[in-house]
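The values are calculated or read from the model by the stated rules, or taken from the named source; none is laboratory data. Fair warning: this is a prediction, and the values are worked out from it, not measured in the lab. Here the Cβ positions follow ideal geometry from the backbone for every residue, glycine too, while neighbour counts run over all protein chains shown. Note: areas computed on protein heavy atoms with side chains; ligands, DNA, RNA excluded. Shrake-Rupley method; radii C 1.70, N 1.55, O 1.52, S 1.80 Å.
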Amino acid sequence: MKFYQRFAYYLVGLVMGCFFVAAVLGGKDTRCNYFPNARVLNDLRNKPFQYDTEASRRLSEDWVDTIDVKNTLTYGDVDFDESNKPADGGKLYVIYGKTTKNQEITLEVINYSEKAVLRNIIKTKKSD
């Protein structure tokens, strides 16, 4: 069998395999959260989310919004040195992010087994 015939068989098998993989995985909502930061943020986003009184007071101010909180829970960075500490029957996580006005914020979230509670929102000073 000549090289171009073997190559043609290879391409036909490759295309059929790609269609099969696309058909199997196409309709599923699959995520690959292998890194600790992504796993923590995904866990917090998938639980019922509640606001503590201090966080509700901060949200009533005009410098931060619930969209900023959601963006931080999606794209933020978890500080593992300050996080995963016991607090009020759950574990405290400190997450750094930014508002839509590019102001740096810090979220303190308590992660319980059945819910996540935003404890506080802190406006972070820029250190220039």
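Side notes on the structure shown:
- Verdict on Ala23 being surrounded by 10 or more Cβ atoms within 10 Å (Cβ to Cβ) and out of contact with any Pro (no Cβ under 9 Å at 6 or more places or on another chain): no
- Among the residues of segment 83-108, those that are over 18 Å from the mean Cα position of the chain (by Cα), open to solvent by 90 Å² or more (accessible area, probe 1.4 Å) and in contact (Cβ under 8 Å) with a residue 12 or more places away in the chain comprise Asp88, Lys101.
- Qualifying positions in segment 66-90 - part of a helix (DSSP H, G or I) and not polar (S, T, N, Q): Ile67, Asp68, Val69, Lys70, Leu73, Tyr75
- Single residue of segment 38-58 satisfying the filter (open to solvent by 40 Å² or more (accessible area, probe 1.4 Å) and in contact with a helix residue (DSSP H, G or I) (Cβ under 9 Å, 6 or more places away or on another chain)) that is nearest to Ile95 (Cα to Cα): Arg45
- Qualifying positions in segment 91-119 - outside any strand (DSSP E or B), farther than 17 Å from Ile67 by Cβ and touching an Asp or Glu at 6+ places or on another chain (Cβ under 9 Å): Tyr112
- Residues located in segment 109-125, provided they are closer than 19 Å to Asp62 by Cα and open to solvent by 10 Å² or more (accessible area, probe 1.4 Å): Arg119, Asn120, Ile122, Lys123, Thr124, Lys125
- For segment 59-69, a residue qualifies if it is open to solvent by less than 80 Å² (accessible area, probe 1.4 Å) and within 22 Å of the chain's Cα centre (by Cα), and the qualifying residues are Leu59, Val64, Asp65, Thr66, Asp68, Val69.
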